[in-house]
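J.: Structure incoming, see below.
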Amino acid sequence: MKPALHVSAAVLAVAACAVPSVGAQGAQEPPPRPAVAVVDFEVAPGGWTAPPPQVGKTLAQLMLDRLVESGQLRVFSSAQAGPVNYLVRGSVTRFSTEDKNRTFGGGGFGLPFLAGFRRHKTEMVVSLMTRLVDVRTGEVVATAVGQGTSSRTERGLGGIGGARGPGIAGFGSSSSGARDALLDEALQRSVAVASAALLHAMVGTVGAGAPAGAPVVASGHERH
């Protein structure tokens, strides 16, 4: 009886080695990440506010950084830098700056010799449209829009005698530093929303090796 037991144990040991583990069977290599390149954004002058120079290149760089941070894509600096499957194209659909002034007291209360209390608000809005384009077919497989808003509010005394002109005992025109800060915030927020919406639209379209289907649209906005 003892030899039979030894044989049975050996057979079981061989059989256990021959059967792959459940973990080994379930383990699968992750699907390849789509490769994309970001093209400089198109900026068409329009409205009362002219976009600053190089803003299209700045937006493209911000979008590239966001896509790299996501870890969901292989991102190249240009279409010639590597085997790219898709191009990310974008355009500025809105670029506006609005200044609002409001005065309390002073001449408004029949006391023209007193300085009124003034509130000055500057708001900047940047809206983007982004498209994911298949380089082989030219098909737009996903689109996304994003809007970013930044604002600053200043308070102080207005001019003597009800004067409302800039630089008279109160608010002057906004400094270039403040304008640059507003622009940077609006650009960052518009790209943050657009990139998140674009990545969301790509899920099930080009992500995880899925075939490209009908264009997917996503949108959003972010305010200060």
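The values are calculated or read from the model by the stated rules, or taken from the named source; none is laboratory data. Note that the structure is predicted; figures quoted are calculated from it, not measured. Note: ideal-geometry Cβ built from the backbone for every residue, glycine included; neighbour counts use all protein chains shown.
J.: Restricting to region 61-92, name every residue that is more than 18 Å from GLY138 (Cβ to Cβ) and of a type in the set (D, E, K, R).
T.: Residues satisfying the conditions are ASP65, ARG66, GLU69, ARG74.
J.: Let me spell it out: the conditions are (1) surrounded by fewer than 16 Cβ atoms within 10 Å (Cβ to Cβ); (2) among the small types (Gly, Ala, Ser); (3) modelled with pLDDT of 65 or more, and GLY165 meets all of them except one. Which number is the exception?
T.: Going through (1) surrounded by fewer than 16 Cβ atoms within 10 Å (Cβ to Cβ); (2) among the small types (Gly, Ala, Ser); (3) modelled with pLDDT of 65 or more one by one, GLY165 breaks only (3).
J.: At least 1 residues that are modelled with pLDDT of 55 or more and touching a Phe, Trp or Tyr at 6+ places or on another chain (Cβ under 7 Å) in each: list the strands (runs of 3 or more DSSP E) lying fully within region 1-110 that qualify.
T.: In region 1-110, 35-38, 86-104 are the strands (runs of 3 or more DSSP E) which contain 1 or more residues that are modelled with pLDDT of 55 or more and touching a Phe, Trp or Tyr at 6+ places or on another chain (Cβ under 7 Å).
J.: Condition first: buried (at least 17 other Cβ atoms within 10 Å of the Cβ), modelled with pLDDT under 85 and within 31 Å of the chain's Cα centre (by Cα). Now tell me which residues in region 168-200 satisfy that.
T.: Once the filter is applied, which keeps residues that are buried (at least 17 other Cβ atoms within 10 Å of the Cβ), modelled with pLDDT under 85 and within 31 Å of the chain's Cα centre (by Cα), region 168-200 yields only SER174.
J.: Which of the residues belonging to region 133-154 are of a type in the set (Ser, Thr, Tyr), in a strand (DSSP E or B) and either surrounded by fewer than 16 Cβ atoms within 10 Å (Cβ to Cβ) or over 22 Å from the mean Cα position of the chain (by Cα) (or both)? Break it down stepwise before answering.
T.: First pass over region 133-154, keeping only residues of a type in the set (Ser, Thr, Tyr): 137, 143, 149-151, 153.
Checking the rest, the ones that are also in a strand (DSSP E or B) come to 143, 149-151, 153.
Within region 133-154, THR153 is the sole residue that qualifies.
J.: I would also like to ask the following. Residue under question is GLN80, and the condition is that it be on the phi > 0 side of the Ramachandran plot and without any contact (Cβ under 8 Å) to a residue 12 or more places away in the chain; does it hold?
T.: Details: on the phi > 0 side of the Ramachandran plot: no; without any contact (Cβ under 8 Å) to a residue 12 or more places away in the chain: yes.
Criteria not met by GLN80.
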